[in-house]
Amino acid sequence: MTPVDGDSAAIRREKAAWRWASLSTYALAIIFVLLLIGFCLWVPHFATWANFANVLQRNSIIGIVACGMLLMIVTGGFDLSVGAVGAMSSVVAAALIVQVSMPLGIVAALLLGLAVGVVNGFFIAKIGINPFVTTLATQVLVTGFLFVGTAAQPVYGVPESFTVLGLGRIGPIPIPTIIFAAVATVTWAILRFTTLGHYIYIVGGNKTAARLAGINVDRVILTTYALGGLFAAIAGVVLLGQTNIGQPASAADWPLTAIAAVVVGGVPLSGGVGQVWSAVLGTLLLGVIANALNLIGVSPFWQPAVTGAVILVAVGLDSYQRKQRELR
Amino acid sequence: MLLEMRDIRKSFSGVQVLRGVDFSLKAGEIHALVGHNGAGKSTLMKVLGGNYADYDGEVRLDGEEVRLGAPRDALQRGVAIIYQDFSLVPDLTVAENIALGREPRGRLSGTIAYGRLRDRSKQEAERLGIALPMDMPVRRLGVGAQQMTEIVRACSQDVRILVMDEPTARLAPAERELLFATMRRMAAEQQVGIVYISHFLDEVRRLADRITIMRDGAVVETGAGSSYTVDSLAKLLVGHEIVASLRPTQAGGAADGAREALNVRGLSIHGRPPIDLSIRRGEIVGLAGLVGSGRTRFARALIGDVRSAGRVEVGGRLMKRRNPERATRYGLVLTPEDRKASGLALTSSVEANIVASALGKLLATAGIVHPGSRARMALDMIQRFAIRPPARKKIVGQLSGGNAQKVLLARAVASRPKVMVLDQPTAGVDIGAKAELHNQIRLAAQQGAGILVISDDLDELLDLSDRIVVMTAGAMSGSFRKAELTRASLLANMSRLPGRA
């Protein structure tokens, strides 16, 4: 083979790979739209605004958590403590709202979430424990404190008016969804317009290279976990708005559901790549499928099994494509 | 004759790497194989190790022709090769590492008889006259003891030919002497033939019975070890002398008295000898040294990625508390040697990589990036460095080596540095890209940066530098104006062990 032939073949291959890459970028969006159309046509009561609003309201909380999870996954980590932080946030907010005042309850809950995130980031970045172990430990730790502090009893007595935050609407749009949209927009802006966002990608792509290029890798990692904790706390307050009860045993499924949403959105756990719309789309995709199953009368017990299958298929297709591309 | 290799040829995708090599080894002989990087030493030894099935030529062991099609063929005939990078399992003990892959079975199937394993490994070490702490995990051994473990493991089967590729590059002097004594004893007592690859020319001269010199895939000559001097070996290694092309002095802008870009005083890593170095604005200084001489560690210490004592001044400002982030802010940047492992974020775009060092310093206020500035800088640099394809959104992992290296250099230049440390700036890139990179390095110097170039490529150092400093075993052992140097004299200076000048 002459070098010239080799070159043009390489260019052709590259172009083909490029086309594949851009196709798989939009594949998820296309699948999502096709699913929506299919559900609208065949699933009874699916295509009503009441149902859409219901889906949005139910999934906004996980969407908020997924935005934080996305940041951490892009740096090459993840956070198993977001559920514990969410529960903590809703219990603390409930207790303070009942005993002191609503603004203080909300602010304290958010600050506590931020603090747990900082602790996670500290142990991961500065001490060097891996994210799995660190956030597993803080999850258990926070849950433990929560059960001790409440004697495992739910906190009642939050005024009815507080449910506006979880169940209210502005016009036709649920308030949790507006909060979700705001969090997603902030996440997008961080990734798009700030040095932090820029560094998150470089750090996730190659920590050594980032460090030698003069990027403060520890600070970047710490900040993403702090944001992850903060977002989980926001989600916890919204949860309180939906239930009106500070329930220490709630939110246990958040970490894995949020990771699933981001991963189904096409973001690899290996880090370095990922966009906000992936987290948003992944969340909505899982939510819409669960809703459709529910509407056609499938037992809710089937839902986790279906979620698992969706993860395997969506991520499997993406990973297999990537592997084939590398083999060429 | 224990081993005879005749007219060995090997090509990689049309490029001939071995062009008819003859090599022989007697039982009980230490035979050194020397040559510059790319001379074909390692390829020849890989043929002997059975790593290439498609070589041409003839290999005879004890006069009998053999075909070495797979590593298994070589092993079965008693050929053992110890490569530069150890292949030990860090958390297993010395005894377990020695017995790796041939553990004695216990009474129950699937179990290992640890007692017998330990005794056997101990015996095997003692047979070679090597004392090792059998129950210690390899992780906790020094480099020298790890090397010894490798040797015992390699020799545990009936070894007749032992090949060692640069075994002393990372050893301390005392460990080195111990290794030599072991090698001599193995040769004399066990009648093992040892092939010994090294860049340390005076060490080779003292140790080897015979020396074979290779250059450009062929043997230059073979002779008795005692018949060479360091200088005669160096001359044979580089071949006919090419006079380093002198470039016009104003090109470097390094007029005497120009202000200092970098001033290093007493920089010491882990109690190693202190290093002084000063680079003027516009000056290109080459840093020469063998693999393992400590050049990369020195570069990392400069930017504070490796802890060190001493003073580093950048543009006259003393750097307090050195770390890479502060170094970048002071205007001292490094392009690391391995662009894939430690240079670039391969999953990110050309743009993202180019602006990585400049972003916080030049393109943002209070953490918010100035709109459009990122793309402008990326496009500027893509044009200036002629990066192909000229697409700022292209993922760096998809670029060719030369273009990836351009992105790395562009990242350093984009941060408007006072000092650039370039570790192997053209490793593995094609000739065209190399020339372009050299021009860019010169241009950066003309614009006032002080530049330190670390390279294994002597021609590159001689071509690019105004001045060359040499490191051996972690210490600065010499500084030369370019006019004083030839390739051979530079190589000779690099190849002397410290204290034996």
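The values are calculated or read from the model by the stated rules, or taken from the named source; none is laboratory data. In this text, all values refer to a predicted model and were calculated from it rather than measured experimentally. Cβ coordinates were reconstructed from backbone atoms using ideal geometry, including for glycine residues, and neighbour counts include every protein chain displayed. The protein model used for the area step is the full one, side chains on, heavy atoms only, and it has no ligands, DNA or RNA in it. Shrake-Rupley method; radii C 1.70, N 1.55, O 1.52, S 1.80 Å.
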| query | Just in the range B:69-172: which trypsin sites (Lys or Arg not before Pro) are loop by DSSP and have at most 10 other Cβ atoms within 10 Å? | reply | B:Arg107
| query | Just the accessible area for B:Asp380, please: 1.4 Å probe, Å², rounded to the nearest 10? | reply | 90
| task | Give me the aspartates and glutamates in straight-line cross-link reach of B:Lys418: C-alpha distance below 12 Å, same-chain residues under 8 apart excluded. | result | B:Glu260, B:Glu283, B:Glu313
| query | Between A:Gly204, A:Gly272, A:Gly297, which gets the highest mean-square fluctuation from a Gaussian network model of chain A, Cα cutoff 10 Å? | reply | A:Gly297
| message | What percent of all Cα-Cα pairs in the protein assembly as shown falls into each 20 Å bin, going from 0 up to the bin containing the maximum distance? | response | 13, 36, 34, 15, 2
| If one computes the Cα centroid of the range B:451-483 and of the range B:321-396, what distance in Å separates the two points? | 27
| field | Hits among aspartates and glutamates - C-alpha to C-alpha of B:Lys394 under 19 Å, sequence gap 8 or more where chains match | value | A:Asp7, A:Glu14, A:Glu326, B:Glu351, B:Asp380
| message | For a 29 Å ceiling on Cα separation, which of these pairs sit above it: A:Lys323/B:Lys340; B:Lys46/B:Lys406; A:Lys207/A:Lys323? | response | B:Lys46/B:Lys406
| said: For B:Ser278, what residues show an amide H to amide H distance below 5 Å, using hydrogens built from the backbone and excluding near sequence neighbours? | reply: B:Val264
| request: Assign unit charges at the C-beta atoms only (+1 for Lys and Arg, -1 for Asp and Glu), then state the dipole size of the protein assembly as shown relative to its Cα centre in Debye, rounded to the nearest 20. | output: 1540
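Where Lys and Arg each count +1 and Asp and Glu each count -1, what net charge lies around B:Arg311 among other residues with Cβ under 13 Å from its Cβ?
+2
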| Using bins 5 angstrom wide from zero, how does P(r) for the range B:3-238 break down, in % of all Cα pairs? | 1, 6, 14, 17, 18, 16, 12, 8, 4, 2, 1, 0, 0
| Fraction of accessible area attributable to carbon and sulfur, the range B:259-495 (%, probe 1.4 Å) | 50
| message | In the range A:184-227, what residues drop by 40 Å² or more of accessible area when the other protein chains are put back, versus the chain on its own? Use 1.4 Å, and skip ligands and nucleic acids. | response | A:Phe193, A:Thr195, A:His198, A:Tyr199, A:Ile202, A:Asn206, A:Ala209, A:Arg211, A:Leu212, A:Ala213, A:Gly214
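Calculate how many DSSP beta bridges within the protein assembly as shown are antiparallel, expressed in % of all such bridges and rounded to the nearest 5.
Of the beta bridges lying entirely in the protein assembly as shown, close to 60 percent run antiparallel.
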| Normalised by the number of residues in chain B, what is the relative contact order in percent for Cα pairs under 8 Å and 6+ residues apart? | 15
| request: For the range A:59-327, with all protein chains present and a 1.4 Å probe, just round the carbon and sulfur fraction of the accessible area to a whole percent. | output: 71
| DSSP-defined beta bridges in chain B - what % are antiparallel, rounded to 5 | 55
| task | Show the residues, 5+ positions off or on another chain, whose built amide H is closer than 5 Å to the amide H of B:Met214. | result | B:Val34, B:Gly35, B:Val220
| task | May I ask you to find the residues of the range B:357-386 that are shielded by at least 40 Å² of accessible area once the whole protein assembly is considered instead of their isolated chain (probe 1.4 Å)? | result | B:Leu359, B:Gly367, B:Arg374
| request: May I ask you to give the solvent-accessible area per residue for the protein assembly as shown, in square angstrom, as obtained with a 1.4 angstrom probe? | output: 44
| said: Heavy atoms of the protein only, probe of 1.4 Å, neighbouring chains included. What is the accessible area of B:Arg311 in Å², nearest 10? | reply: 110
| message | Under 17 Å between alpha carbons, and skipping anything fewer than 8 positions from B:Lys434 in its own chain: which aspartates and glutamates qualify? | response | B:Glu337, B:Asp338, B:Asp423, B:Asp456, B:Asp457, B:Asp459, B:Glu460, B:Asp463
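What's the magnitude of the charge dipole for chain A around its Cα centre, counting Lys and Arg as +1 and Asp and Glu as -1 at the beta-carbon? Answer in Debye, nearest 20.
600
How large is the helix-only mean residue ellipticity at 222 nm for chain A, computed as the sum of -39500 (n - 2.57) over DSSP H runs with n ≥ 4, divided by its residue count, in deg cm²/dmol to the nearest 500?
Details: 13 runs with 247 residues, N = 328.
Using -39500 (n - 2.57) per qualifying helix, the result is -25500 deg cm²/dmol.
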| request: Just reorder B:Leu334, A:Leu141 by solvent-accessible area, largest first, 1.4 Å probe, all chains present. | output: A:Leu141, B:Leu334
| task | Using θ = phi - 60° and the Karplus relation 6.51 cos²θ - 1.76 cosθ + 1.60, list the HN-Hα couplings for the range A:58-63 in order, rounded to whole Hz, with x at every Gly or Pro. | result | 5, 9, 4, 4, 5, x
| field | Distance from the range B:47-107 to the range A:154-220 (C-alpha centre basis), Å | value | 55
| Roughly how many Å is it from the Cα centre of the range B:294-313 to that of the range B:421-442, as a whole number? | 23
| task | For the range B:3-238, with all protein chains present and a 1.4 Å probe, just round the carbon and sulfur fraction of the accessible area to a whole percent. | result | 48
| message | Keeping all protein chains in the complex and leaving out DNA, RNA and ligands, what accessible area do you get for B:Ser348 with a 1.4 Å probe, in Å² to the nearest 10? | response | 10
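Work out, in µm²/s and without decimals, the Stokes-Einstein translational diffusion coefficient of the range B:323-398 at 37 °C, 0.692 mPa s, Rh from Kirkwood over C-alpha pairs.
D, rounded to a whole number, is 247 µm²/s.
Using the Kirkwood radius over C-alpha pairs as Rh, can you work out the diffusion coefficient of chain B via Stokes-Einstein at 20 °C, viscosity 1.002 mPa s, in µm² per second?
Reported coefficient: 86 µm²/s.
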| note | Taking Cα atoms only, helix A:82-99 is inclined relative to the longest principal axis of chain A by an angle, in degrees rounded to 10, of 30
| query | Out of the DSSP beta bridges found with both residues in the range B:259-495, what percent are antiparallel (nearest 5)? | reply | 55
| task | Pull up all non-local amide H partners of B:Ala358: gap of 5 or more, or a different chain, and H-to-H distance under 5 Å with H placed in the peptide plane. | result | none
| Short version: which residues of the range B:306-351 lose at least 30 Å² of accessible area, all chains versus chain alone, 1.4 Å probe? | B:Pro324, B:Glu325, B:Ser342, B:Ala345, B:Thr347, B:Ser348
| field | Estimated buried accessible area (total), pair B and A, 1.4 Å, Å² to nearest 100 | value | 2100
| field | Principal-axis tilt of helix A:195-205 within chain A, Cα atoms, nearest 10 degrees | value | 60
